[in-house]
Amino acid sequence: MTTLDSKLNEVLAACERNRERDLADLFRLLAQPSISTQNIGVRECAALERELLQGAGLEARIFETAGHPMVFGERAGPAGSPTLLLYGHYDVQPPEPLDAWDSPPFEPTVRDGRIWARGVGDNKGQHFAHVCALRAWMETVGDLPIGVKVLLEGEEECGSPQIDAFVAANRALLAADLVVTADGPAHDDAHPQVEFGVRGMVYIELTARGASHDLHSGNWGGIAPNPAWALVQLLATMRDADGHVLIEGFSDDVRPLSKLARAAIAKIPLDQAGALAGIGVGELPPPREVPYFERLMARPTLNIAGFRSGYGGPGSKTIIPAEAVVKMDMRLVPDQDPDDVYAKVSAHVARHAPEVEIRRLGSMRPSHTPLDHPLAAPLRRAVARGFGAEPIDIPLVGGSLPDATWTETLGLPSFVVPYANHDEANHAPNENLMLERFYAGIRTTAALVAELAG
């Protein structure tokens, strides 16, 4: 056994002894509201995060931004050692509807082997597992064998509007060899996982207008234009009945799945019938030939997120609406660029319905780290040590995170390891985190420090 192995064993033993203290400190964090969209408790939570980072032996600072503050902590490693950057966010979603919670959202409690509180899975419990692991190293060994930096954001639940500019302006401060994020739910609680990328997104709003006000559909039918039909007809030019996107050039930059990605996908456990039944669906929509995971990892989407026009109340009201609005999101895969996709969608709208107004409401770049990146191997070993099972590789997840900040703005490999259970209910009432997954996350981060040092 090497000296490093011996030190890791001591640290892991300390993690077991620290269970009650780690949980108590997590409860302090969870009891502090930090609702970024409503600006409730955010600054107080940032101060608490700085205190907890300092308590773990890191030099911690708060950085102001145009929005909510960033919390940064660091501990330099020995000369020549690698540096690990850990990302998380301390802001949470609003807890409403409050009457749907079995216990108050900001009064954390343990029952049925789970911690119940707003933000416990998304993301306080997950990023605080990192902090607990670093604290165990510092208290047991007296120092870290690698350099570690921690960046905690206060606006992830608002779409991370400040992080890319902050990172770009602080490249030297955030210089590292890799980024690891603990976020999101696991695909399958029986199998830990390492995620290598995320889809990007463009969100738009289309507005069509007709008369200056709603009109009687008998008196004005056939005379006044109907903006709802204008949008329906425009949408029909964007996608065919088989689910193929018809916007010119929309999929030009979509890369095919690599052999490594296909091999990884083949190992992901899937009960397709059960997954579909869980959402009340019997079969996949067109295109029928595209497999389940390929839809999530290799294909962009064109989704109607909302459609509003005319009268939608009980009974009937015979009108021609004055306005129609549709909201759409497009999930993008590597190497699609949100600016390029938006330009192509705008050109399509101008060509087929020039009277329709298009607005861009938000976007996020896709991100990807190669499955065969050399730093993936020590991370996989750490996850196996922490969770007691070999992880599965997820080439790309369907959702969107500000991961391109790391892979593109900083040019670093970036990996996501979900410490939360698959049913964490993030963004919903009764958000929860399995106790044992919280402790497994602590062990994983502790092991990762040793693996990178080795």
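I'd like to check something: does segment 169-180 contain any residue that is touching a Phe, Trp or Tyr at 6+ places or on another chain (Cβ under 6 Å) and either surrounded by fewer than 23 Cβ atoms within 10 Å (Cβ to Cβ) or not hydroxyl-bearing (S, T, Y) (or both)? The answer is yes; a qualifying residue exists.
Filtering segment 250-274 to residues that are among the charged types (D, E, K, R), exposed (fewer than 14 other Cβ atoms within 10 Å of the Cβ) and part of a loop (DSSP other than H, G, I, E, B) leaves D252, R255, K267, D271.
What strands (runs of 3 or more DSSP E), lying completely within segment 2-118, carry at least 1 residues that are under 16 Å from E155 (Cα atoms) and either aromatic (F, W, Y) or touching a residue at least 24 places away in the same chain (Cβ under 8 Å) (or both)?
Hits in segment 2-118: 59-63, 70-75, 83-89.
Can you find a residue that is over 23 Å from the mean Cα position of the chain (by Cα), under 30 Å from A190 (Cβ atoms) and assigned to a loop (DSSP other than H, G, I, E, B) anywhere in segment 323-333? Checked segment 323-333: no residue is over 23 Å from the mean Cα position of the chain (by Cα), under 30 Å from A190 (Cβ atoms) and assigned to a loop (DSSP other than H, G, I, E, B).
Summed over segment 206-244, the residues that are of a type in the set (G, A, S), more than 29 Å from the chain's Cα centre (by Cα) and assigned to a loop (DSSP other than H, G, I, E, B) give a count of 9. Screening A446 against (1) in a helix (DSSP H, G or I); (2) under 28 Å from A263 (Cβ atoms); (3) touching a Gly at 6+ places or on another chain (Cβ under 8 Å) leaves a single unmet condition, (2).
Matching residues to (1) touching a residue at least 24 places away in the same chain (Cβ under 8 Å); (2) touching a strand residue (DSSP E or B) at 6+ places or on another chain (Cβ under 8 Å); (3) assigned by TED's automatic domain parsing to the domain that holds G243:
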position	(1), (2), (3)
R255	yes, no, yes
L260	yes, no, yes
D271	no, no, no
G274	no, no, no
G280	no, no, no
L284	no, no, no
P300	yes, yes, yes
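Among the residues examined, I247 qualifies as in contact (Cβ under 8 Å) with a residue 40 or more places away in the chain, in contact with a helix residue (DSSP H, G or I) (Cβ under 8 Å, 6 or more places away or on another chain) and assigned to a loop (DSSP other than H, G, I, E, B). Scanning segment 186-220 for residues that are more than 30 Å from A230 (Cα to Cα) and in contact with a helix residue (DSSP H, G or I) (Cβ under 7 Å, 6 or more places away or on another chain), which turns out surrounded by the fewest Cβ atoms within 10 Å (Cβ to Cβ)? Once the filter is applied, the top-ranked residue is V194.
For beta carbons closer than 6 Å, sequence separation of 6+ or different chains, a first residue in segment 318-333 that is farther than 20 Å from A298 by Cα and a second that is surrounded by fewer than 19 Cβ atoms within 10 Å (Cβ to Cβ) and among the charged types (D, E, K, R), the qualifying pairs are I319/D214; P321/D214; A322/D214; E323/R209; V325/R308; K327/E205. T140 meets all of the listed conditions (1) among the hydroxyl-bearing types (S, T, Y); (2) out of contact with any helix residue (DSSP H, G or I) (no Cβ under 9 Å at 6 or more places or on another chain); (3) within 21 Å of N18 (Cα to Cα) but one, namely (2). Pairs linking a residue in segment 136-154 that is within 17 Å of E49 (Cα to Cα) to a residue that is of a type in the set (G, A, S) and modelled with pLDDT under 95, with Cβ atoms under 9 Å and 6 or more positions apart or on different chains, are E153/S160. Within segment 275-319, restricting attention to residues that are assigned to a helix (DSSP H, G or I) and of a type in the set (A, V, I, L, M), the residue that is farthest from S258 (Cα to Cα) is A277.
Do we have any residue at all in segment 12-29 that's surrounded by fewer than 13 Cβ atoms within 10 Å (Cβ to Cβ) and farther than 21 Å from L435 by Cα? There is no residue in segment 12-29 that is surrounded by fewer than 13 Cβ atoms within 10 Å (Cβ to Cβ) and farther than 21 Å from L435 by Cα.
The values are calculated or read from the model by the stated rules, or taken from the named source; none is laboratory data. Just so it is clear, the structure is predicted and the values come from calculations on it, not from any experiment. Note that we place each Cβ from the backbone using ideal geometry, even for glycine, and neighbour counts take in every protein chain shown.
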